[in-house]
1. From the residues Pro92, Tyr73, Pro194, which one has its Cα farthest along the dipole of the chain in the positive direction, the dipole being from +1 and -1 charges on Cβ of Lys/Arg and Asp/Glu about the Cα centre?
2. Dipole of segment 168-221, Cα-centred, from +1 at each Lys and Arg C-beta and -1 at each Asp and Glu C-beta, to the nearest 20 debye?
3. Apply the a/c threshold of 1.5 to the C-alpha gyration tensor of segment 133-252 and tell me whether it is rounded, prolate or oblate.
4. If packing is taken as the mean number of other Cβ atoms within 10 Å per residue, what is the order of 226-238, 68-80, highest first?
5. Would you mind giving the three semi-axes, in whole Å and largest first, of the ellipsoid equivalent to the chain according to its Cα gyration tensor?
6. Using all alpha carbons of segment 1-148, what is the percent of pairwise distances in each 5 Å bin, ordered from the shortest bin to the longest?
7. Relative contact order (percent) for segment 110-225, with alpha-carbon contacts under 8 angstrom and 6 or more residues of separation?
8. Which one of Ile141, Ala171, Thr216 has its Cα pushed farthest toward the positive end of the charge dipole of segment 134-237, where Lys and Arg give +1 and Asp and Glu give -1 at the Cβ?
Amino acid sequence: MSISKACCSIPPVLAKGYQPKGEYITLNGLKTYVVGPEFATDAILLVYDIFGFFPQTLQGADILATSSPIRQYRVFMPDFFEGSPADISWYPPTTETHQEKLNTFFQTKAGPLNTLSKIPGVISDANKSASNGKGFAKWAIVGHCWGGKIASLSAGQGNTTFQAAVQCHPAMVDPAEAKNVNVPMAMLASKDEPSEDVEAYRSGLQVPHHFETFSTQIHGWMAARSDLEDELVRKEYERGYAVVLSFLEQYF
């Protein structure tokens, strides 16, 4: 489906020394980064990658909150890893030790079902924080890498929470999940995700969708692994967020 790239007023992206615009609150017992105007009626649950609250990811949250000319969002990014994210030096794994540490992390910290069980409480507490006292009118979920897996599963069978979902350079793409997705879905793939899995997932969707491959970019270019000092990466980082916002404007 056609998505305009000219939707947004993305501020200059900073490669170093970025100062996040939001604040930290506690939702369902989890430290949560929140940004965006308190008067916003719609909200985004942003699920980070396995590296947690990185400057590039926080900057992305700020972009999502206020860069659409049509509406602004209240963005919530919980610390699902509770202060113990993966070390970015482990990925890509170059030694057996790195691989072992990643395997242990996924087994103990990053199990999708464990994370999914925390989301209803986060949403409930976030709705209580809404300025109208009634909760947000609509919710979207946006996930980076590992968070893309959480977004895919959250938009699946039985979903009544989210009205739109986005996966940015998703990890563990499983085409079998596509048939269960019940809301509009976008996927922004990098050159590193298996193209056959991405296409099979797209083919299996029965909802409006937008798929795009950023063929010059690595897995993680919109989150912690983004080298924003590289001009091309910075431009594609900005374009990625513009695509996400355009998709939400159209389908959310």
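Read-outs: derived from the displayed coordinates by stated rules, not from any lab. Model, not experiment: these values are computed from the prediction. Cβ coordinates were reconstructed from backbone atoms using ideal geometry, including for glycine residues, and neighbour counts include every protein chain displayed.
1. Going by the Cα projections, it comes out as Tyr73.
2. In debye, rounded to 20, segment 168-221 gives about 160.
3. Verdict is oblate for segment 133-252.
4. Order by mean packing, descending: 68-80, 226-238.
5. Result for the chain: semi-axes of 24, 21, 20 Å.
6. 2, 9, 17, 20, 19, 14, 11, 6, 2, 1, 0
7. Details: 214 pairs, mean separation 24.2, N = 116.
Computed over segment 110-225, the figure is 21 percent.
8. Ile141
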